[in-house]
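Colleague: Structure provided below as structure tokens; questions to follow.
Bear in mind that the values in this text are calculations on the coordinates, not laboratory data. Computed from a predicted structure; not experimentally measured. So basically every Cβ, Gly included, is an ideal-geometry build from the backbone, and we count neighbours across all protein chains shown.
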Amino acid sequence: MSHLITRKALEDVEADLRERIEGKATRAYQKKGFHIGVSVDGSEMSDRAAHFAAGFIQLKRGDRYTVFHISDSTKTYLPRHLTPKHLMHYYEDMAARDKLGLRAEWVCKEKSEGHSTCKTLVKLVDERDLDLLVIGSFGRKGEKLDVLGSVSDYTLHMCRSSLCIVRSTGSRFDQQAKILFASDGSHAANLAFVLTLQYFRRPLDTVDVIFVATKDPVKEKEWANMYRRYMETHQVPGNVEVKQITRTLDTTVQSTILEASRDVDILVVGVSGYSQKKMGSVSEFLSIHARCSTIVVKDHLDILGPPIVSDAPRFQD
């Protein structure tokens, strides 16, 4: 097989993804579709995350929507509107307002003694086999510059599900959105790209793609042409750009993508060779420092097979 990916590479990823989602639905005796969840704690940011999550849902596709909450009965000082029963009704009503016919499944678990909210949430989400978990970049404790909250940071590294981190500085995702997809040509990038076009993107959203090369961008140009053809086939508006840089202390792959993301609503990256304790340096940097909301697609190669591009860069520069 050629090391330069072809259009068939994306078609193969699309077929594998569709088979995985439909197969999972068959095993669970449920409709086909995407399973999207949101983690809430009653804060303004979790409200924003819930709006964001509802925006991804397509009821005709058979998507499912789950709202997760980790309760702590030792916090007797919490006001009534932050109690689980009140939050359940609040987020169920919010889902119905955000999208006609949308019903939220409420999943609440009490934090057990000796376990953190982070660990309890990740265990609960992993048991539900989510396709995407939406979470605010911080919770009730407040926002800090260039630092994720403890729950979102832990979930980013440890949760098996792909993750959408919603930020206070990003758009509300309630109208036409501009999505930027950062690719390195890896299997994870192909998976993230197909997911973006087939599941994350809404009909009016545009998708721009950026490849950043630190050497002669021969491969990147081939990949870009393949992405363009795929977007044209699926009638997705947007541009595909290959940007060659000379790496210095101030000019890196990370900083180049970060600069390109300043005027977009969502930044999407794929995590290649994902393991629960380690992420690619570029993906982690963007997840923490981007001002827009970010989607990190986690590629489980044991499910979807070996990489299509065996010698592609892995966002480790």
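Colleague: Would you pull out the residues with amide H under 5 Å of Gln244's amide H, same chain only if 5 or more places away, H placed 1.01 Å from N?
Modeller: Under 5 Å from the amide H of Gln244: Ala213.
Colleague: Note down the relative contact order for the stretch 33-166 as a percent, whole number, built from C-alpha pairs under 8 angstrom at least six residues apart.
Modeller: In percent, rounded to a whole number, it is 31.
Colleague: Determine ³J(HN,Hα), in whole Hz, for all residues of the stretch 114-122 in sequence, where each value follows from phi through the Karplus function 6.51 cos²θ - 1.76 cosθ + 1.60 and θ = phi - 60°; x replaces Gly and Pro.
Modeller: Using θ = phi - 60°, the values come out as x, 10, 7, 4, 4, 5, 5, 5, 4 Hz.
Colleague: Send over the per residue convex hull volume for the stretch 33-166, Cα only, as a whole number of Å³.
Modeller: For the stretch 33-166, the hull spanned by Cα atoms encloses 101 Å³ per residue.
Colleague: Principal axes first, then extents: for the Cα atoms of the stretch 127-221, list largest minus smallest coordinate on each axis, whole Å, largest first.
Modeller: Here the spans come out as 47, 32, 31 Å, largest first.
Colleague: Run the numbers for Asp263 and Arg229: contour at 0.36 nm per residue of separation, minus the present Cα-Cα distance, in nm.
Modeller: 9.8 nm
Colleague: OK, next. Rank-order 40-48, 115-123 by packing density, defined as the average count of other C-beta atoms within 10 Å over each peptide's residues, highest first.
Modeller: 40-48, 115-123
Colleague: When DSSP assigns beta bridges and you keep just the ones with both residues in the stretch 33-166, what percent turn out antiparallel, to the nearest 5?
Modeller: Percent antiparallel among DSSP bridges in the stretch 33-166 is about 5.
Colleague: For Asp205, list long-range residues whose amide hydrogen, built 1.01 Å from N in the peptide plane, is under 5 Å from its own amide hydrogen.
Modeller: Hits under the 5 Å cutoff: Ala177.
Colleague: Follow-up question, since we're still on this one. What are the ³J(HN,Hα) couplings of the stretch 251-267, residue after residue, when phi is run through the Karplus curve with 6.51, -1.76, 1.60 and θ = phi - 60°? Round to Hz, x for glycine and proline.
Modeller: With coefficients 6.51, -1.76 and 1.60, one gets 10, 10, 4, 4, 5, 5, 5, 4, 5, 5, 8, 5, 10, 10, 8, 9, 10 Hz.
Colleague: I need the phi-derived Karplus couplings for the stretch 153-167: 6.51 cos²θ - 1.76 cosθ + 1.60, θ = phi - 60°, integer Hz, Gly and Pro marked x.
Modeller: In residue order, the calculated couplings are 5, 5, 5, 4, 8, 10, 6, 6, 6, 5, 10, 10, 9, 8, 10 Hz.
Colleague: Turning to a different aspect of this structure: Starting from a Cα-only point model with no solvent, please compute log10 I(q)/I(0) by Debye for the stretch 58-115 at q = 0.24, 0.26, 0.29 1/Å.
Modeller: Ignoring solvent entirely, the Cα scatterers give -0.96, -1.06, -1.19.
Colleague: Amide H to amide H under 5 Å from Ser71: which residues, 5+ apart in sequence or cross-chain, H placed 1.01 Å off N in plane?
Modeller: Lys109, Glu110, Lys111
Colleague: Along Cα→Cβ, 7 Å out, is where each label goes; now give me the distance between the ones at Gln244 and Gln176 in nm to one decimal.
Modeller: Result for the modelled spin labels: 3.4 nm.
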